[in-house]
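Data first, discussion second: the structure below is written as structure tokens.
The values are calculated or read from the model by the stated rules, or taken from the named source; none is laboratory data. Please read all numbers here as calculations on a predicted model, not as lab measurements. Glycine gets a Cβ as well: all are built from the backbone with ideal geometry, and neighbour counts include every protein chain shown. The accessibility values were calculated without ligands, DNA or RNA, using every heavy atom of the protein model including side chains. Shrake-Rupley method; radii C 1.70, N 1.55, O 1.52, S 1.80 Å.
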Amino acid sequence: QVQLVESGGGLVQPGGSLRLSCAASGSIRSMFFMGWYRQAPGKQRALVASITSGGRTNYADSVEGRFTITRDNAKNTVYLQMNSLKPEDTADYYCNARSAANNYWGQGTQVTVSS
């Protein structure tokens, strides 16, 4: 069993930056998919960015060019660098990790973009 712990959320002004971290309690080398999802109040959880074990990345159209997902297998951590933040980026952000047999979720971290 792997636990995922997100950190790095907070309050930031529009145009600012945050870096979210997702630290796994075990190795992420077997995780063929790792992703960041977000859920705003009253909306469904949606994929923001993902990265495969081979390093292929995918982004939602709304964050393309502003967000960057990376993974550090040595540190068992996935990051989401968020730049040029907008009020519409306000949401709870969740880390997801998938192996052949399991699907793990973190508890989430809140991001608020407001002046």
Which numbered condition trips up K43, out of (1) in contact (Cβ under 8 Å) with a residue 60 or more places away in the chain; (2) over 19 Å from Q1 (Cβ atoms); (3) not in a strand (DSSP E or B)?
(1)
Checking E88 against (1) under 15 Å from the mean Cα position of the chain (by Cα); (2) among the charged types (D, E, K, R); (3) not in a loop (DSSP other than H, G, I, E, B): exactly one of these is not met. Which one?
(1)
From the set of residues in the range 59-78 that are assigned to a strand (DSSP E or B) and either among the charged types (D, E, K, R) or open to solvent by 30 Å² or more (accessible area, probe 1.4 Å) (or both), which is nearest to Y104 (Cα to Cα)?
R71
Touching a Leu at 6+ places or on another chain (Cβ under 8 Å) and buried (at least 18 other Cβ atoms within 10 Å of the Cβ): which single residue out of G35, G10, G16 fits that description?
G35
Residues being open to solvent by 40 Å² or more (accessible area, probe 1.4 Å) and within 21 Å of S84 (Cβ to Cβ) - total across the range 44-58:
4
